[in-house]
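Please read the structure below before turning to the comments.
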Amino acid sequence: MLVVTCPVCGVHGDETDFHCGGQAHVARPASTRPENVTDAEQRDYLFIRHNPKGLHFERWRCDRGCGKWFHAARDTVSLEFKAFYGVTELPPVELMKQATGTWAEFFKDKIKAGKAS
Amino acid sequence: MSGKPYRLSDAGRLIDRSKRVSFTFDGKTVSGFAGDTVASAVMASGQRVMGRSFKYHRPRGVVGLGSEEMNALIGVGKAERHEPNLLATKVEIFDGLSAVSQNRWPSLNHDIGAINNVLGRFFSAGFYYKTFMWPQAFWKHVYEPFIRQAAGLGKAPTGRDPDVYEQVHVHCDVLIAGAGAAGLAAAEAAAASGLRVIIADENPRLGGLCDIGGGLIDGASPLEWAKTRAAALAAADNVQVLTRTTVAGHFEDNYVLMFERVGDHDPSITAAGTPRHRLWKVRAGQIIIAAGAIERPIAFANNDRPGVMLASAARGLAARYGTAAGVNGVVFTNNDDAYRTALMLKSMGVGVARIIDSRTNPESALIDQAKAAGLDISFGSSIAGVMTSKGGKQIDGIKMSPYNRGRVTNETKVDCDFVAVSGGWNPAVHLWCHNGGKIKFDHELQTYRPDRSPDGLLIAGAANGTFDVPGALAEGYAAGEQAVALLKGKAGKIAKASATQEAQAKLEPIWFAPATGAYNEGDKHFIDQQNDVVASGLELAQREGYESVEHTKRYTTLGMATDQGKTSNILGLGVVAEATGKTIPEIGTTTFRPPYTTVSFGSIAGAHVRDRFLPVRRTAIHDWHVANGADFEPVGQWRRPYCYPKAGEDRHKAVTREILAVRNKVGLLDASTLGKIEIKGPDAGEFLDRMYTNTFSTLKEGRCRYGLMANEMGFLMDDGVTVRVGPEHFIMHTTSGGADRIAGWLEEWLQTEWPDLKVFVTPVTEQWAQFAVAGPNARKVLEKLSGDIDFSAEAFPFMTMKTGTLAGMSVRAYRISFSGELSYEIGVPANQGRALWDAILEAGAAFGIEVYGTEALHVLRAEKGFIIIGDETDNTVTAIDVGLEGLVSKKKRDFIGKRSMEQSFLKMDGRKQLVGLLTEDPNYVLPDGAHALEDATGKPPQKTLGHVTSTYMSPSIGRSIAMALIFNGRARMGETLSFSLDGKVVKAKVVEPVFYDKEGARQNV
């Protein structure tokens, strides 16, 4: 059973004290441009998920602690957590660089910003 | 068989001959000594047969010394305390213990299922897959009842378990699994650092095989050293020693499950209220596996006969319990270790007719000792068969032949009454492998040993393939020191013991000892005795194409019994390798999964039983409901009154009376379970607009609005009335079952998608008691109570709310209706709920008030055509489908589910739509879920036209009513649909789903 650390309240607990909420950084098209979301975009947003062997960015909730959602980066082979970060935050730059699939696109311009700062 | 010296006069270090213990085995009284196991005592009494095998029902005896036992499965305890599938080799006896053998019917000596043995040639590998397939109807009525009667391992207890169980969560720095020589050395080194150490062993005492493994520690028996170390560890403050505790599984982040049998060996422990079993959940800094090794047998013809046992078991039974396996044995081996068995038995006065060694010319100190002791040895030989009498229950001798891997040409008979066999030892790599540890094949040991571990597990001694005492000690100390170093602890000083042991000759692999004939001729070579897997079955599986070892396992059931292949796994691989001409590493191995040995259901449930399984939620009025004869039903964790039957009333009569009271007079409902969520903040209106399909930002203060909530797929997930209390303050009502889920749903969107919105969401369901006062007299009842709220039609119109005082209490009053009647819901802080309830009942007495329950509530709403989420919806139903498109905003740019609802297939014609149904026979109530069919007289399969979602006898209109989701239902108004029910065709007309007061006049008065 995994050990999870909540980046919001700092609690360190068993995975059953938390709840995994699936893939992180999935953009909801309707939030930004509700008038022109294609059926294909909506399908991808609802159902298509990236399932890499390796680095995976995901959402977790601190169920038995502060109740806040947060993000985690985890290796799906070793199951090792690489980072925990807030729900409005980005993972460390080196992890963004290793990201694959839609995450790579999502992080592309943010890596530059991360470097600049 | 009494009279023979099965109990040796001068051996048995664990038994106390001054304490006689009496117990029963299959109803027969057996006498043993304190310290005995069921196996050692029953065998000492002269009985060898401990059970029957699973498929062939062959008589079986004890094979192992501990948890590797696969045959001697017993049920222990009576009635509700009965526990099946325990190992006779591990169950410690006490006065009054009751044990029964398994898999025999009607008795051990006469077993009807043994006919399967005679028919064995028809029971080949995959027999069940091949035979019980056709015709299909035979399965239910012939095959399955027969198999269930004949097979099955053990019986379930007869009632609720009266004992208590518990779970313990602990952290430690170093966890050591196994307390043999390596584990004790590791514990000493780790404990010297002052770190917190747990050492757990499945046996009642520490020491592992120190008593029978040979070698010397500090010049004396390793047992003496082990006793000293065990005492020192028990005395150390930083060490927790757990006996009778199996480390059952290893998981991510060094999470470990341990199963402790606390009170099984002594009923006075559980009688004192101590838990019977304990499940330990441990997070360990470092884990040292010192789980030892398991001896493996060699497959020879009829090697399952009672009296054929592992060499270590024959040795251990004699040394520990003074129980002799027989009077004259044969030792069959391919390695040196079994010579220790021959030497020890001979020294104790047990006859050893011959050592049969498959090796041609081995030379070693142990062999020299055997020769010097006068033991007869036949090298280059193997056992070609076992001669038995009494239906296979007694061994008369064995057939010995030269070992040449080919056809047996030359047999010599050797008289004996037991056989001790050793094919080498397999490291117990189970824990190593549970979380992905890799193993590699060792050609020297002819078995798998640990290779890499992703968790940095440490492993020492026999579990690591190091079988000699000096090696085990050295690895144990090193592992303990390494654990301390990895934890950055301070190494402590210890005086390390020094050990010696004679060098041994190399093991030479032998998996299959040929009998007369080939695999498919002659007698059976058993590989997995508990599942009756024989060598010819493994060979057949290869010929039939089950080449992958995982396929072979599932096809033949090799290693799938309760012992999970502890003795059979490597042996089976060896036999498959020989049959296919491959090497064992080419074949690979099956997966080792937790638990290592069985874990009881009681310990898994722990304290979460009875009232603690799922806590019951009670409203503030619960005690009143109980006192007034409420008939409760579970609603999620809540208990809600279904109805309140009066004397002489059944449920139906009570519900009818309650409904008519609401329609004609006034009713009172405890609606406290309704979900209530406070939503506050400058963006509260905007937030609700995004969460609901309809608009709330425009709602005026003091007004109520019914809201529909969809999920992102566009399907309905909740509904309820939401009220604007102030400019930045709303109260949301949700369904009773959805309260927690919806609060979480709101939070999730606020936190993850719209963290910029300034809104707080606070669930307050339990803070408020809330009652519906519904019926034509509702206003009169409330007006009779003192207070400052004007309940008149003009001052308090439909779908508004007011705060004020009522009967001296601060309340929130809502004029909303789920019954279609003039209705108010009154909310009051929960601690005043009962006072207000009593006040309303008192005031209502003059107006004929009656309490009503959930069933009346449901019928009242169905008469009005109001939907219930979960009845009329099932996560595939949209607002349009239930005819509520008017509540789906077209103006809002975005809300949850909007974009999905615009997808063509959710808007197309022909979807299931909500309609009402009136049966032709007004007294016939359609069953819930009934499907309308195109041709109700035709044969299946039939296309469904849709299904019934709610169905009741309506007292208000005096006939049956139903709601249904029917394909293209709104275009079918007036059509008659047919149902095939109870062998008849039932017809019903499609109507609007509102059956009573279509204009809504009754609630607007």
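The values are calculated or read from the model by the stated rules, or taken from the named source; none is laboratory data. Just so you know, these numbers come straight off a predicted model, no measurement behind them. Ideal geometry is used to build each Cβ from the backbone, glycine not excepted, and the neighbour counts take in all protein chains shown. Remember, those area values only see protein heavy atoms, side chains included, never the ligands or the DNA or RNA. Shrake-Rupley method; radii C 1.70, N 1.55, O 1.52, S 1.80 Å.
Can you go through B:761, B:773 and tell me which one is within 14 Å of chain A (Cβ to nearest Cβ), under 20 Å from residue B:706 (Cα atoms) and either modelled with pLDDT under 95 or part of a strand (DSSP E or B) (or both)?
Details: B:773 fails: within 14 Å of chain A (Cβ to nearest Cβ).
When all the criteria are applied, what remains is B:761.
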Among the residues of region B:726-743, count how many are open to solvent by less than 40 Å² (accessible area, probe 1.4 Å) and within 14 Å of chain A (Cβ to nearest Cβ). 1
Only residues in region B:826-847 that are of a type in the set (Lys, Arg) count as the first member; pair them with residues that are part of a helix (DSSP H, G or I), Cβ under 7 angstrom, at least 6 apart or cross-chain, and list the lot. B:834/B:624
Within region A:15-25, residues at the interface with another protein chain (Cβ under 10 Å from one of its Cβ atoms), over 24 Å from residue B:282 (Cα atoms) and not in a loop (DSSP other than H, G, I, E, B) come out as A:21
Which condition number does residue B:207 fail, the rest of (1) modelled with pLDDT of 95 or more; (2) over 14 Å from residue B:233 (Cβ atoms); (3) assigned to a loop (DSSP other than H, G, I, E, B) being met? (2)
Inside region A:29-50, can you point out the residues that are more than 9 Å from chain B (Cβ to nearest Cβ), under 16 Å from the mean Cα position of the chain (by Cα) and open to solvent by less than 70 Å² (accessible area, probe 1.4 Å)? A:50
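So which of B:241, B:256 is closer than 29 Å to residue B:161 by Cα, open to solvent by 20 Å² or more (accessible area, probe 1.4 Å) and assigned to a strand (DSSP E or B)?
Values: B:256 fails: open to solvent by 20 Å² or more (accessible area, probe 1.4 Å).
After applying the criteria, what remains is B:241.
Quick check on residue A:98: is it at pLDDT 95 or above, within 13 Å of chain B (Cβ to nearest Cβ) and either under 14 Å from the mean Cα position of the chain (by Cα) or farther than 30 Å from residue B:455 by Cα (or both)?
On the way: at pLDDT 95 or above: yes; within 13 Å of chain B (Cβ to nearest Cβ): no; either under 14 Å from the mean Cα position of the chain (by Cα) or farther than 30 Å from residue B:455 by Cα (or both): yes.
When the stated conditions are applied, residue A:98 does not pass them.
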All but one of (1) modelled with pLDDT under 95; (2) of a type outside the set (Asp, Glu); (3) surrounded by 14 or more Cβ atoms within 10 Å (Cβ to Cβ) hold for residue A:88; state the number of the condition that does not hold. (3)
Note: among B:141, B:110, just one is open to solvent by 10 Å² or more (accessible area, probe 1.4 Å), over 23 Å from residue B:526 (Cα atoms) and either at pLDDT below 65 or not assigned by TED's automatic domain parsing to the domain that holds residue B:262 (or both), namely B:141
Test of understanding: among B:546, B:477, which residue is part of a loop (DSSP other than H, G, I, E, B), in contact with a helix residue (DSSP H, G or I) (Cβ under 6 Å, 6 or more places away or on another chain) and hydroxyl-bearing (Ser, Thr, Tyr)? B:546
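Go over the candidates A:12, A:56 one by one and state the one that is closer than 30 Å to residue B:281 by Cα, more than 12 Å from every other protein chain (Cβ to nearest Cβ) and not hydroxyl-bearing (Ser, Thr, Tyr). First the steps, then the outcome.
Working: A:12 fails: more than 12 Å from every other protein chain (Cβ to nearest Cβ).
Checking each option against the conditions leaves just A:56.
Table: residues versus (1) closer than 30 Å to residue A:66 by Cα; (2) aliphatic (A, V, I, L, M); (3) open to solvent by 20 Å² or more (accessible area, probe 1.4 Å); (4) within 14 Å of another protein chain (Cβ to nearest Cβ).
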residue	(1), (2), (3), (4)
B:724	yes, no, yes, no
B:745	yes, no, yes, yes
B:753	yes, no, yes, yes
B:791	no, no, no, no
B:810	no, no, yes, no
Would you mind telling me which numbered condition in (1) open to solvent by 10 Å² or more (accessible area, probe 1.4 Å); (2) in a strand (DSSP E or B) residue B:297 fails? (2)
May I ask you to list the residues in region B:611-668 that are in contact (Cβ under 8 Å) with a residue 60 or more places away in the chain, open to solvent by 40 Å² or more (accessible area, probe 1.4 Å) and in a loop (DSSP other than H, G, I, E, B)? B:620, B:628, B:636, B:665
Output the residues belonging to region B:401-419 that are at pLDDT below 95 and open to solvent by less than 50 Å² (accessible area, probe 1.4 Å). B:401, B:403, B:406, B:408
Taking region A:63-73 as the search range and keeping residues that are within 11 Å of chain B (Cβ to nearest Cβ) and touching a Lys or Arg at 6+ places or on another chain (Cβ under 9 Å), which one is most open to solvent (accessible area, probe 1.4 Å)? A:68
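Of all strands (runs of 3 or more DSSP E) completely enclosed by region B:883-993, which ones contain at least 2 residues that are closer than 30 Å to residue B:753 by Cβ, open to solvent by less than 50 Å² (accessible area, probe 1.4 Å) and in the same structural domain as residue B:695 (by TED's automatic domain parsing)? It would help to see each step written out before you state the result.
Values: elements: B:912-919, B:931-933, B:944-954, B:959-967, B:976-981, B:984-991.
Because the criterion is at least 2 residues that are closer than 30 Å to residue B:753 by Cβ, open to solvent by less than 50 Å² (accessible area, probe 1.4 Å) and in the same structural domain as residue B:695 (by TED's automatic domain parsing), no strands (runs of 3 or more DSSP E) in region B:883-993 meet it.
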May I ask you to list pairs of residues, at least six apart or on different chains, whose Cβ atoms are under 6 Å apart, with the first in region B:898-914 being away from chain A (no Cβ under 14 Å) and the second being in a loop (DSSP other than H, G, I, E, B) and open to solvent by 50 Å² or more (accessible area, probe 1.4 Å)? B:910/B:968
